[in-house]
Amino acid sequence: MEGVGNAVHAILIPSLNRPQRLRMTTEVIHANTPEPHRILWCVSDPDSKSILDELGEWYLDDSADTDHRYVTRMNKLVRHLTDEETMFFGSDDVIHHPGWLTEALKETKDHALVVVNDCHNSNGTQAVVRRDYLDRAVFDSPGDAFHGGYGHNFADNEQHFTAAK
């Protein structure tokens, strides 16, 4: 996608066997994100692939991989980025309000990682990250967004606390 200054923003969304969430999530993101953006999905089930094909959305099919952890899937998606200026680590169960990315991007001028308020977790669970931060996001695995060794669902907390340091 072309945009002002060619700044394109990636929205990374792993979805694990929840095809019923894809249409609404896609529609809400496109309706509430005026910035040039592209959604990068990671899916593995046939229904999700069929829906994303119908919608004309890009996706990574990781059905051949047995590791479907959030951290693994996000790191796989990061490797498919091309020239996006920022990335948003999303999910298929968040409703994006008008101006959500506009507000978060204001903060990326001074911060490499901006945690958005999802109104469910006081620490936030999802973040907008500048591309240049990936070289230092995981000290022993430059280029990854999350440490691949996490087997729990709190890798986002670790990501946010690391960025704060």
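Assorted remarks:
- Looking only at residues of the stretch 17-42 that are part of a strand (DSSP E or B) and either out of contact with any Pro (no Cβ under 8 Å at 6 or more places or on another chain) or among the acidic types (Asp, Glu) (or both), we find that the one that is surrounded by the fewest Cβ atoms within 10 Å (Cβ to Cβ) is Arg38.
- Odd one out for Ile11, checked against (1) open to solvent by less than 50 Å² (accessible area, probe 1.4 Å); (2) assigned to a helix (DSSP H, G or I): (2)
- For the stretch 62-99, a residue qualifies if it is acidic (Asp, Glu) and closer than 20 Å to Arg23 by Cβ, and the qualifying residues are Asp92, Asp93.
- When Gly56 is tested against (1) on the phi > 0 side of the Ramachandran plot; (2) touching a strand residue (DSSP E or B) at 6+ places or on another chain (Cβ under 8 Å), exactly one condition is not met: (2).
- Candidates Asp62, Asp67: the one that is open to solvent by less than 30 Å² (accessible area, probe 1.4 Å), over 14 Å from the mean Cα position of the chain (by Cα) and under 18 Å from Asp144 (Cα atoms) is Asp62.
- Test result for Ser50, in contact with an Asp or Glu (Cβ under 7 Å, 6 or more places away or on another chain) and either of a type in the set (Asp, Glu) or over 25 Å from Asp135 (Cβ atoms) (or both): no
- The test for being among the polar types (S, T, N, Q), more than 22 Å from Asp83 (Cα to Cα) and either open to solvent by 20 Å² or more (accessible area, probe 1.4 Å) or without any contact (Cβ under 8 Å) to a residue 60 or more places away in the chain (or both) holds for Ser48.
Yes/no per residue for (1) open to solvent by less than 40 Å² (accessible area, probe 1.4 Å); (2) within 16 Å of the chain's Cα centre (by Cα):
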{"residue": "Ser44", "(1), (2)": "yes, no"}
{"residue": "Leu55", "(1), (2)": "no, no"}
{"residue": "Arg73", "(1), (2)": "yes, yes"}
{"residue": "His80", "(1), (2)": "no, yes"}
{"residue": "Glu84", "(1), (2)": "yes, yes"}
{"residue": "Thr102", "(1), (2)": "no, yes"}
{"residue": "Glu107", "(1), (2)": "no, no"}
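- Candidates are the residues of the stretch 131-157 that are in contact with a strand residue (DSSP E or B) (Cβ under 8 Å, 6 or more places away or on another chain) and at pLDDT below 75; the one that is surrounded by the most Cβ atoms within 10 Å (Cβ to Cβ) is Ala145.
The values are calculated or read from the model by the stated rules, or taken from the named source; none is laboratory data. All values reported here derive from a predicted model rather than from experimental measurement. In this analysis, Cβ positions are derived from the backbone assuming ideal geometry, glycine residues included, and neighbour counts consider all displayed protein chains. Ligands, DNA and RNA are stripped out before the accessible areas are found, and what is left, the full protein with its side chains, is counted by its heavy atoms. Shrake-Rupley method; radii C 1.70, N 1.55, O 1.52, S 1.80 Å.
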